[in-house]
Amino acid sequence: MDASSREALAVTRERLAATTRGAAGPGLLAFADELFAVARLLDGSVALRRALSDAAVKPADRAGLAQRVLGSRVSEATVDLVQTAARQRWSRPLDLVEATEVLATEAGLDAAEARGELEGVEDELFRFGRIVGGDPELSRILGDDRAPVAGKSALLDRLLTGRVSPVTESLLRNSLTARHVGNAENRIVRLSEAASARRGRSVAHVTTAVALTTAQERRLQDVLGRIYGRTIGLQVTVDPTVLGGLVVRVGDEVIDGSVANRLEVASRRLAG
């Protein structure tokens, strides 16, 4: 998103915060589901998302269109938030779709906070991401935009129902049955990172050949906290192929101190 769309999202986020403040978990989860549904509607209708983001049309008229399209289909709170978004200036129609998905995710995390489950939701999202990342066929199916939504939903029912929080299930189901999923594991990682950010933390994804002790994890958190100047949570994956050492990813930055990486670097130098 460029500056105007980021500003539009910020304004709409403020409206979301005002709407969800003090609300109960079940209502917030239903609100999140409705926002995800609106995002799917906008993603599937080029004409509608263009009309709701057309700078040549008066903001009040765009908001009126949102009321006419959604008024009988979703709650007043959802209509109000979409109207707020429609009054803003978006650089491109697709930014409105992306923003609605972001707002839906944040409403879901609001539900997790209201239920006292935010830490558990973060952990469940991370663990499910590792399951998907370790199963190429599952990753392929969930990331296939041509796969029937009903089939994906049935698969997610078998994998999630009764095994995770309703909030986790809602976030995963809505994200992984979107029209354009892309890399399924990456999409789940973004959800997990959003939950971590809500807890005031950045996440370090750590890959190690052997499990770390509690003391080792604490020392690593302390070191990374000093490097990045903020609280760092760890999500640790054991992968014997790294041979030894650690691979640490924080955001887009990767610190590869694995033996496998050092051997590969040495091999390239010898070959050169």
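The values are calculated or read from the model by the stated rules, or taken from the named source; none is laboratory data. Computed from a predicted model, the values in this text were never measured in an experiment. Cβ coordinates were reconstructed from backbone atoms using ideal geometry, including for glycine residues, and neighbour counts include every protein chain displayed.
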Seminar exercise, completed: In region 46-68, anything of a type in the set (A, V, I, L, M), touching a residue at least 24 places away in the same chain (Cβ under 8 Å) and over 13 Å from S4 (Cα atoms) is listed as V46, L52, A60, A63
Exercise. What is the number of the single condition among (1) over 20 Å from the mean Cα position of the chain (by Cα); (2) buried (at least 19 other Cβ atoms within 10 Å of the Cβ); (3) polar (S, T, N, Q) that T12 does not meet?
Worked result: (1)
For this session: For region 150-162, indicate whether the set of residues that are of a type outside the set (D, E), over 17 Å from A39 (Cα atoms) and in contact with a strand residue (DSSP E or B) (Cβ under 6 Å, 6 or more places away or on another chain) is non-empty.
Result: no
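Out of S53, S75, S45, report the one residue that is closer than 25 Å to R198 by Cβ and among the polar types (S, T, N, Q).
Just one listed residue meets the conditions, S75.
Could you tell me whether E137 is modelled with pLDDT under 90 and at negative phi? Give the steps one after another, and end with the answer.
Values: modelled with pLDDT under 90: no; at negative phi: yes.
Criteria not met by E137.
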Exercise. Within region 226-244, which residues are more than 17 Å from I131 (Cα to Cα) and surrounded by 13 or more Cβ atoms within 10 Å (Cβ to Cβ)?
Worked result: I227, Y228, T231, I232, G233, L234, V242, L243, G244
Exercise. Consider G116 against the criteria (1) of a type in the set (G, A, S); (2) surrounded by fewer than 24 Cβ atoms within 10 Å (Cβ to Cβ); (3) in contact (Cβ under 8 Å) with a residue 40 or more places away in the chain: it satisfies all of them except one. Which criterion is unmet?
Worked result: (3)
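Residues L35, L42: which one is touching a residue at least 60 places away in the same chain (Cβ under 8 Å) and surrounded by 18 or more Cβ atoms within 10 Å (Cβ to Cβ)? Explain how you work it out, then say what you get.
On the way: L42 fails: touching a residue at least 60 places away in the same chain (Cβ under 8 Å).
Matching residue, one of L35, L42: L35.
Is there a residue being among the aliphatic types (A, V, I, L, M), touching a strand residue (DSSP E or B) at 6+ places or on another chain (Cβ under 8 Å) and not assigned by TED's automatic domain parsing to the domain that holds E101 anywhere in region 177-191? Walk me through it before giving the result.
At the first step, the residues of region 177-191 found to be among the aliphatic types (A, V, I, L, M) are 178, 181, 184, 188-189, 191.
If we keep only those that are touching a strand residue (DSSP E or B) at 6+ places or on another chain (Cβ under 8 Å) as well, we get 189.
Restricting the remaining residues to those that are not assigned by TED's automatic domain parsing to the domain that holds E101 gives 189.
Yes, there is a match, as at least one residue in region 177-191 is among the aliphatic types (A, V, I, L, M), touching a strand residue (DSSP E or B) at 6+ places or on another chain (Cβ under 8 Å) and not assigned by TED's automatic domain parsing to the domain that holds E101.
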For this session: Could you tell me whether any residue of region 109-125 is touching a helix residue (DSSP H, G or I) at 6+ places or on another chain (Cβ under 6 Å), in the same structural domain as R40 (by TED's automatic domain parsing), not charged (D, E, K, R) and not in a helix (DSSP H, G or I)?
Result: no
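Please count how many residues of region 126-137 are without any contact (Cβ under 8 Å) to a residue 40 or more places away in the chain and in a helix (DSSP H, G or I). Show your work before the answer.
Here is the first cut: in region 126-137, the ones without any contact (Cβ under 8 Å) to a residue 40 or more places away in the chain are 127, 131, 134-137.
In the following step, the residues that additionally are in a helix (DSSP H, G or I) were identified as 127, 131, 136-137.
Adding up the residues that qualify gives 4.
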Exercise. Can you tell me which residues in region 159-198 are among the charged types (D, E, K, R) and either surrounded by fewer than 17 Cβ atoms within 10 Å (Cβ to Cβ) or under 15 Å from F128 (Cα atoms) (or both)?
Worked result: R163, E169, R173, R179, E185, R187, R190, E193
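Filter region 163-205 for residues that are aliphatic (A, V, I, L, M) and not in a helix (DSSP H, G or I); which is nearest to G143 (Cα to Cα)?
The first filter runs over region 163-205 and keeps only residues aliphatic (A, V, I, L, M), leaving 164, 167, 171-172, 176, 178, 181, 184, 188-189, 191, 194-195, 197, 203-204.
After this cut, where a residue has to be not in a helix (DSSP H, G or I) as well, the list is 164, 178, 181, 203-204.
On the way: V164: 21, A178: 10, V181: 5, V203: 24, A204: 24 Å.
The qualifying residue nearest to G143 (Cα to Cα) is V181.
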